[in-house]
Amino acid sequence: MKLSLKAIQRKLSVKGGQGGKATMTVMVYRDTVLVCTFDEPFFSEAILELAHVDSLIGTLTWAADQARRYRDGGAV
């Protein structure tokens, strides 16, 4: 996929494993979403159709809810 300057892009950097830093870049180009992760020396990417984006959001929302329940003393 060749991206142009018209691609919309957002970055998120978080603490990675063993004190490293992981960066996730999410780009929107036309009707697809490109997710790239970089945690030196590793790089990976995924091209997501809109249904996959919805599924990923649902999975992350579920995981966040489970983590909150655990943090608040509830059973997971």
Q: Filter the range 25-34 down to residues that are at pLDDT below 90 and open to solvent by less than 100 Å² (accessible area, probe 1.4 Å) and give me whichever is farthest from Ile8 (Cα to Cα).
A: Thr32
Q: Give the range 53-76 a look and list any residue that's in a helix (DSSP H, G or I) and open to solvent by 100 Å² or more (accessible area, probe 1.4 Å), or say none.
A: Asp54, Leu60, Trp62, Arg68, Arg69, Tyr70, Arg71
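The values are calculated or read from the model by the stated rules, or taken from the named source; none is laboratory data. The structure presented is a predicted model; accordingly, all values stated were derived computationally and were not measured. All accessible areas refer to the heavy atoms of the entire protein, side chains included, with ligands and DNA or RNA removed. Shrake-Rupley method; radii C 1.70, N 1.55, O 1.52, S 1.80 Å.
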